[in-house]
1. Quick one: in segment 98-140, which of the residues that are of a type in the set (Gly, Ala, Ser) and open to solvent by 10 Å² or more (accessible area, probe 1.4 Å) is nearest to ILE360 (Cα to Cα)?
2. Run GLU46 past the list (1) free of Cβ contacts under 8 Å to residues at least 60 places away in the same chain; (2) open to solvent by 30 Å² or more (accessible area, probe 1.4 Å); (3) of a type outside the set (A, V, I, L, M) and report the number of the one that doesn't hold.
3. Determine if segment 189-198 includes at least one residue that is surrounded by 17 or more Cβ atoms within 10 Å (Cβ to Cβ), assigned to a helix (DSSP H, G or I) and in contact (Cβ under 8 Å) with a residue 24 or more places away in the chain.
4. Please go through segment 166-183 and pick out each residue that is more than 16 Å from ILE37 (Cβ to Cβ) and outside any helix (DSSP H, G or I).
5. Applying the selection to segment 224-246, what residues are crowded, with 21+ Cβ neighbours inside 10 Å, closer than 26 Å to ASP81 by Cα and polar (S, T, N, Q)?
6. Identify, from the list ILE208, ILE221, ILE186, the residue that is surrounded by fewer than 17 Cβ atoms within 10 Å (Cβ to Cβ), in contact (Cβ under 8 Å) with a residue 40 or more places away in the chain, outside any helix (DSSP H, G or I) and not basic (Lys, Arg).
7. Just give me the residues in segment 84-97 being open to solvent by 10 Å² or more (accessible area, probe 1.4 Å), touching a residue at least 24 places away in the same chain (Cβ under 8 Å) and either over 30 Å from ASP202 (Cβ atoms) or out of contact with any Gly (no Cβ under 8 Å at 6 or more places or on another chain) (or both), in sequence order.
Amino acid sequence: MSNQTSPSAPSNTAKSLGETELIWMMAMLMALQAFGIDAILPALDEMAIDLTVGGNDRQFVVGVFLLAAGVGALVPGALADRFGRRPILLGSIAVYIALSLASAMVSTFDQLIAVRAVQGFFGAGIVALPPAIIRDRVGGDKMAKMMSLIFVIFLMVPAIAPSIGELILLVADWRAIFAAMALQGIFIGTWVYFRLPESLTDDNRQKIVPSVIARNMGRAISQRSVVGYILGSSLVFGALFGFINSSQQLITETFGAGDLFPIVFGICAGSMAVASWSNSRIVERFGARRVSHTALFAFIIVAAIQVFFAFQPDENLWHFVPLMATNMMLLGFIGSNFGAIAMNPFFQIAGAASSMHGFIRMTTAALLGGAIGYAYDGTAQPLALALLASGLVCLALVLFSEKGKLFGPPDAQLGPTKMRNM
């Protein structure tokens, strides 16, 4: 990995950990959270019966975890800007492992919700820190390309996690899925411990005092050029979380295709992986703004078509799946590019910026997704309306950040010297 993009990176980083291995490692770290959400989806019915849970309340196993992870994202970035990325990341992984095992041993639904909330909060670093580690090394459209490649690998996990959950249920009960989460955490944690070097340099370490933390996090959301991207991505991913929360009920109850649930979910999640791979091939040529703005317009159009079909009395699975997969594919072009645009100005405070952005995205998306999921009424109408509304408001927010001008040119590769003057 070249040091030209980020001269402050340690000189031995490129030798000890290459770009390809770094991408795989960051993707698999983020996939810990995805597996912890999606693998349990096929077991929601069994879990609800075992723990005596009724109606839409079963969705709290997902929603509480996501919300707690969003709130918890405020913590690891500031700590990582002071003590380094490695110790905070390894601590987050250790918490994830321990509380996965604790989830497998609960006896009531309230205990499970409590454990999942603590796990989400203290394990937030596994998702909050990878963008900071990448930003330590590169910026601009190069970062967008790397984040796209990370999302390609990361999104393979949601595509197959429900199938893995189904396979586990063939030989064990739902508790074994949490044991599998712990095993995955042990494997990834060992890899990180032995292979990931520290990427935070001494001259970029920040003091752990309230005023410094508040100032850094305030900077991360105060620039007009990024605030629309942070809030906009929060909304569209909130609609996506709404689908995740209600997907098991939608496929099983609304469309009567419970046996096909892992396949349907895999198609939708897989479409995001395809989009992320495609984005990695084109983003440096066309720029993160041009690609993501085009995808956002397409997202709004597809969502409008979803609303049309959702209000037809004869909507079926074969109307729903292609449209949902298409919009999830478009989110693959939106997510990594919006994230890279928002992170680009913050080289010196990448940890705090990543945490603050993650906090806003995750909490907003989790709350919105929880509301959408809980609004499930036996039809796809609440989800379709949410997708369209989120896309329209997201467009308005991006227009605000860009002062009304869309489809801007590719970003320059901003190095540390220039970044200090921003």
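1. So, considering only residues that are of a type in the set (Gly, Ala, Ser) and open to solvent by 10 Å² or more (accessible area, probe 1.4 Å), the one nearest to ILE360 (Cα to Cα) is ALA117.
2. If we test GLU46 against (1) free of Cβ contacts under 8 Å to residues at least 60 places away in the same chain; (2) open to solvent by 30 Å² or more (accessible area, probe 1.4 Å); (3) of a type outside the set (A, V, I, L, M), just (1) comes out false.
3. yes
4. ALA172, ASP173
5. Scanning segment 224-246 gives SER233, SER234.
6. Going through ILE208, ILE221, ILE186 in turn, the sole match is ILE208.
7. Matches in segment 84-97: ARG86, ILE97.
The values are calculated or read from the model by the stated rules, or taken from the named source; none is laboratory data. The structure presented is a predicted model; accordingly, all values stated were derived computationally and were not measured. All Cβ positions, glycine included, derive from the backbone under ideal geometry; neighbour counts span all protein chains shown. To get the accessible areas, we keep the full protein, side chains included, count just its heavy atoms, and leave off ligands, DNA and RNA. Shrake-Rupley method; radii C 1.70, N 1.55, O 1.52, S 1.80 Å.
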